[in-house]
Amino acid sequence: MPTPSRSWREIPQRYRLEAGKCTGCGFICFPPRLVCPRCGSREFTKTKLADSGKLLTYTIIRVAPHQYVDQAPYAVGIAEQDDGTNLTAQIVDCDFQDLKIGMRVKIEFRKIYEEGEAGVILYGYKFVKE
Amino acid sequence: MRNVAVIGVGMAKWGELWGKSLRDIFVETALLAIEDAGLDRIDSMYVGCMSPGLFIGQEHLASLLPDYLGRNPVPTVRVESACSSGGLALRQGFIDVASGMSNIVLVGGVEKMTDVNGHEATYALGTAADQEYEGYHGLTFPGLYAMMAHAHMAKYGTTREQLAMVAVKNHDNGSKNPLAQFPFKITIEGVLGSVLVADPLRVLDCSPITDGAAAVILCPLDMAKRMKKPGVRIAGSGHATDTIALSSRRDITWIESTHLAAQKALAMAGRKIEDINLFEVHDCFTIAEIMATEALGIVKKGQGGKAVQEGLTSLRGRFPVNPSGGLKAKGHPVGATGVAQAVEVVKQLRGEAGARQVGGAKLGLTQNMGGTGGSSVVHIFEAE
């Protein structure tokens, strides 16, 4: 089991959607990075990711990795947020037959999974229908 | 840079090899390649293996493998680039011989995947994706390719039946390959009726969990001319990378790293894609073969589904893709796959491919990719 620092250091982006906006070209990096992949700049201003967008694609996971077995089947998708950033997350509170490419989604803060009985409870963002 | 030839190939039966360990599988296969080349000297080794740490709890293959092959102190490098580990090991061996640093190089690939259960294997394979921003949300490899499939279907009208046709074609070819894990035919109805893994992909859209290895022996072309087997020259080698996360790509229906690697390999070989007689591509999922045929330039963007439906990529088609059975029917021991593709192409160019022989093949291409296309390696082989 990983030490709590592995999830603790991701808190700014996972809990608060903190992103880095490149001062050179305006590209928004989520998660934040040290180097802009578009223009090579190393200067960023802190920004918050747009919290809604539209679904680019999705799937329903029926065979899950061991830590998610109890949750299967569950939906996961990539959504283009309204600031142009693409984000991957689970899609919840939505019947599978209602999933559609192009549908509007918004981000909500949810529990992701638990590392067994004695481990950390992990949180983060998921998509729900807007 | 020196010209480089393949002078020996080795592969044994793939499958769920409960009685054999990783070291057994590697050594058995390496010996086949050494015997095929008919020489008893190795200057260095490169071995593709994705995740022995997660699959069998063993790292340091750079010591273990030459040890059990009885070849210490031969310098050995384990190469890891997820599912393209084998193709990348081949490229490193090629660079070693081409540079003049080594003369005889053994390139191997191996994976022992059945010592863990299915969920643990799914986890291990998932580490080829972005663990913090894809794996964290419960994504699996079938899930990532399923998302590519949905997007491809929405954008280009690729059909569920066309995906199934890739699996049916590759099993037709694999039924002619006695070393394949699943050397039998399947039907479109069989694929469409198989259990869902990640919508829209079903279990018969997915390459299997496999134990297996593959090996080739490289040497300078001048030296190869004095060897017993007909020489096959590595005419081109290309390698490119892309973002680890699928969501970071500019277009999730296009594999840019494969496109760039192919452009580099074709430029080195001085060839066009139309010159190539057969292709071994990375069909880890049916949609992956469709996208690979587009990225290589065999067909235009969005036309990969139509190509398989019209028989363009079948064994007797204009551009035979995966005569070996591909990852789908032959099996996919991840680190071995890229090397096994080279083994198949060399056999085809030597005219040793039996019932699945592509008549008169002079040029063959391999395309091996890691993750969702975060890395791709392309090689072009030419009969001498």
Revision key, fill the gap. By the C-alpha gyration tensor axes a ≥ b ≥ c (rounded if a/c is under 1.5, else prolate when a/b exceeds b/c, else oblate), the shape of the protein assembly as shown is prolate
Point to revise | MRE, 222 nm, helices only [DSSP H, n ≥ 4, -39500 (n - 2.57), over the protein assembly as shown, to nearest 500] | key: -9000 deg cm²/dmol
Practice item. Starting with the fewest neighbours, write out B:Glu80, A:Glu115 ranked by other beta-carbon atoms found within 10 Å of each beta-carbon. Key: A:Glu115, B:Glu80
Study note, to complete from the structure: Counted neighbours (other Cβ, 10 Å), sorted fewest up, put B:Ser99, B:Ser84 in the order B:Ser99, B:Ser84
Point to revise | No Cys partner within the rule (Cβ under 4.7 Å), the protein assembly as shown | key: A:Cys29, A:Cys94, B:Cys49, B:Cys83, B:Cys206, B:Cys219, B:Cys284
Practice item. Treat each spin label as a single point 7 Å out from the Cα along the C-beta direction, and report the B:His60 to A:Arg104 distance in nm. Key: 5.9 nm
Check your understanding: Let a ≥ b ≥ c be the square roots of the eigenvalues of the Cα gyration tensor of the stretch A:1-67; is it rounded (a/c under 1.5), or, if not, prolate (a/b larger than b/c) or oblate?
Key -> oblate
Point to revise | Calculated FRET efficiency for the pair B:Lys225/B:Asp115, C-beta based, R₀ 60 Å, to 0.05 | key: 0.90
**Study point:** Gain on full stretching of the segment that runs from B:Asn72 to B:Lys185 - 0.36 nm per residue minus C-alpha separation
**Key:** 36.4 nm
Practice item. Anything over 21 Å Cα to Cα? Flag those among B:Lys169/B:Lys306; A:Lys48/A:Lys126; B:Lys301/B:Lys328; B:Lys13/B:Lys176, in the order listed. Key: B:Lys301/B:Lys328
Revision key, fill the gap. Per the 1/(1 + (r/R0)^6) rule, R0 = 60 Å and r from the Cβ atoms of A:Glu114 and B:Lys362, FRET efficiency to 0.05 is 0.55
Exercise for review: Round to the nearest 0.05 the FRET efficiency obtained for A:Asp83 and B:Lys155 when R0 = 35 Å and r is the Cβ-Cβ distance.
Suggested key: 0.95
Study note, to complete from the structure: Per its Cα gyration tensor (rounded if a/c is under 1.5, else prolate when a/b beats b/c, else oblate), the stretch B:128-184 is best filed as oblate
Check your understanding: If the convex hull of the alpha-carbon atoms of the stretch B:133-248 is projected onto planes in all directions, what is the mean projected area in square nanometres?
Key -> 11.0 nm²
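Values quoted throughout were computed directly from the atomic coordinates according to the rules given, and no laboratory measurement underlies them. Treat the numbers as computed from the prediction; the structure is a model and nothing was measured. Positions of Cβ are generated from backbone atoms using ideal geometry, with glycine treated the same way; all protein chains shown enter the neighbour counts.
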